[in-house]
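The values are calculated or read from the model by the stated rules, or taken from the named source; none is laboratory data. No experiment lies behind these values; they were computed from the predicted model shown. Every residue, glycine as well, gets a Cβ built from its backbone with ideal geometry; the counts of neighbours run over all protein chains shown.
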Amino acid sequence: KTRARVLGIETSCDDTGAAVVDSDGNIVGNALHSQTSVSVALGGVLPRYARAIHQQHIKNVVKDALCQANIQVKDLDAIAVTVKPGLAPCLEVGLTHAKRLVEESRVPMIPIHHMEAHALTARMIEQIAFPFLVLLVSGGHCLLSVAKDIDDFLLLGTCLDSSPGEAFDKVARRLKLKNLPQCNGLSGGGMIELLARDGDIEAIPAPNVHSDQNASSFSFAGIKSQYLRYIEEEEIKQGIVASHVISNASDMCASFQYAVLKHLAKRLQRAFIYCDTFELLPEHNKTLVISGGVACNQFLRQGLQKVCDHYNSRLICPPPHLCTDNGIMIAWNGMEKLKAGRGFAEDPLTMRYTPK
Ligand code: KG4
Ligand code: ZN
């Protein structure tokens with residue numbers, strides 16, 4: 001037998017993903033069914049509805065990934081599946097399917113933490129030794145942590161209220177950007193990034209996020225509600241009706257995006273200072289990995305690159321298709337655990353999911 005192969009299954013939010021990776025980090029099979037367009041239309045992820053769509057697609061998505069990899073379930077070395085955190089009705093679909101596969105094949109199961117999988121995906125494509133700093137920015141989460149080992153993370157900060165992805169989505173929705181032809185098929189964040197390219201980042205300045213909070217925790221609710229208010233005021237001023245978009249939407253997007261960047265950059269700066277003080281990162285070989293759906297944003301990446309340059313850290317961002325939710329990151333996390341020989345579910349058929 002040559003290389004080990006692990007199947008990964010992801011259903012924690014609104015993407016049904018399955019992939020097979022080998023021990024060298026090659027993606028040998030990958031399938032994804034995304035509900036993004038449904039979520040954009042509905043204005044968010046509705047758990048019961050998302051569950052029904054996962055149920056419709058899980059079987060074929062897994063079958064596709066296995067077919068591409070040209071492997072049968074019984075020949076896999078492990079089945080990795082997201083069991084936390086996420087939406088309970090959605091996690092349940094993936095876990096139930098994984099149990100079924102395990103039951104018929106006796107292949108070991110490896111339960112996966114969705115955020116840890118996001119954090120370690122970059123190791124599949126780059127040489128990154130532990131410890132390194134991770135910033136995850138997505139629709140569900142925002143956190144900064146030091147990855148010390150495959151199963152050892154020191155959490156430096158999380159979001160106290162809205163996630164950055166939610167802020168992007170709400171602002172895009174309030175601006176009615178999905179009515180613009182160029183925004184067709186994009187997520188809320190993608191729409192804002194696109195419009196922001198033609199906007200002035202200082203046109204509509206944001207309030208300062210209070211900095212009397214703990215070290216590296218994040219708060220996006222203030223920025224979000226401020227821009228929602230600005231948009232409402234503009235609509236009244238411009239006499240906007242129905243589905244029309246305000247004339248200065250680009251400036252609104254650029255300024256909002258800049259406000260998000262400033263907040264992320266400040267918290268990242270604190271994290272670097274903290275890590276330097278307590279010597280948590282190797283002095284001459286610091287790495288920051290950013291991932292999660294919001295990390296697809298090129299403007300944010302470029303801004304955070306400047307912070308990294310200042311603190312002598314390299315910045316690694318996986319390509320966009322590895323930043324958003326997918327089966328690959330779950331399969332890879334399973335592979336890392338398989339290689340380390342730990343993290344197997346002792347009694348897979350009674351394994352449970354944990355939403356938080
Ligand atoms: O990681 P992800 O696919 O799902 C979660 O686990 O949450 O992230 C989805 C989020 C959405 O809120 C979406 O609007 C945001 O990522 N997003 C972006 C961009 N592309 C996706 N936010 C900002 N800029 C982008 N280019
Ligand atoms: Zn995610």
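Values for this structure:
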| read-out | value |
| --- | --- |
| Residues of the range 142-158 satisfying the condition of being within 16 Å of ligand 1 (Cβ to nearest atom) and crowded, with 20+ Cβ neighbours inside 10 Å | C142, L143, L144, S145 |
| Wholly enclosed helices (runs of 4 or more DSSP H) of the range 1-118 bearing at least 1 residues of a type in the set (A, V, I, L, M) and modelled with pLDDT of 95 or more | 47-69, 88-105 |
| All positions within the range 101-131 that are closer than 23 Å to Q305 by Cα, more than 16 Å from ligand 2 (Cβ to nearest atom) and crowded, with 24+ Cβ neighbours inside 10 Å | none |
| Subset of the range 140-176 that is over 15 Å from K224 (Cβ atoms), touching a residue at least 24 places away in the same chain (Cβ under 8 Å) and of a type in the set (A, V, I, L, M, F, W, C) - its residue that is nearest to ligand 2 (Cβ to nearest atom) | L143 |
| Residue check, A265 out of contact with any Ser or Thr (no Cβ under 8 Å at 6 or more places or on another chain), assigned to a loop (DSSP other than H, G, I, E, B) and of a type in the set (A, V, I, L, M) | no |
| Hits in the range 164-202 - residues which are over 22 Å from V45 (Cα atoms) and assigned to a helix (DSSP H, G or I) | P181, Q182, L194, L195, A196 |
| Filter result for the condition that a residue is part of a loop (DSSP other than H, G, I, E, B) and either at pLDDT 95 or above or at negative phi (or both), over F299, F344 | F344 |
| Hits in the range 320-341 (condition: in contact (Cβ under 8 Å) with a residue 24 or more places away in the chain and not in a helix (DSSP H, G or I)) | T324, D325, N326 |
| So I58, is it surrounded by 20 or more Cβ atoms within 10 Å (Cβ to Cβ) and over 16 Å from A345 (Cα atoms) | yes |
| Residue in the range 215-232 that is assigned to a helix (DSSP H, G or I), of a type in the set (F, W, Y), farther than 20 Å from K170 by Cβ and at pLDDT 95 or above present | no |
| Failed item in (1) in contact with a Leu (Cβ under 8 Å, 6 or more places away or on another chain); (2) closer than 22 Å to S187 by Cβ; (3) not assigned by TED's automatic domain parsing to the domain that holds G140, with I330 passing the rest | (1) |
| Condition broken by E166, with the remaining ones in (1) closer than 16 Å to P85 by Cβ; (2) within 9 Å of ligand 1 (Cβ to nearest atom); (3) crowded, with 24+ Cβ neighbours inside 10 Å satisfied | (3) |
| Among residues of the range 290-308, those that are within 14 Å of ligand 1 (Cβ to nearest atom) and under 18 Å from R270 (Cα atoms), counted | 5 |
| Cβ-Cβ under 7 Å pairs, at least 6 apart or on other chains, the range 270-293 side within 25 Å of P164 (Cβ to Cβ) and more than 16 Å from ligand 2 (Cβ to nearest atom), far side small (G, A, S) and in a loop (DSSP other than H, G, I, E, B) | R270/A215; R270/S216; A271/S216; Y274/A215 |
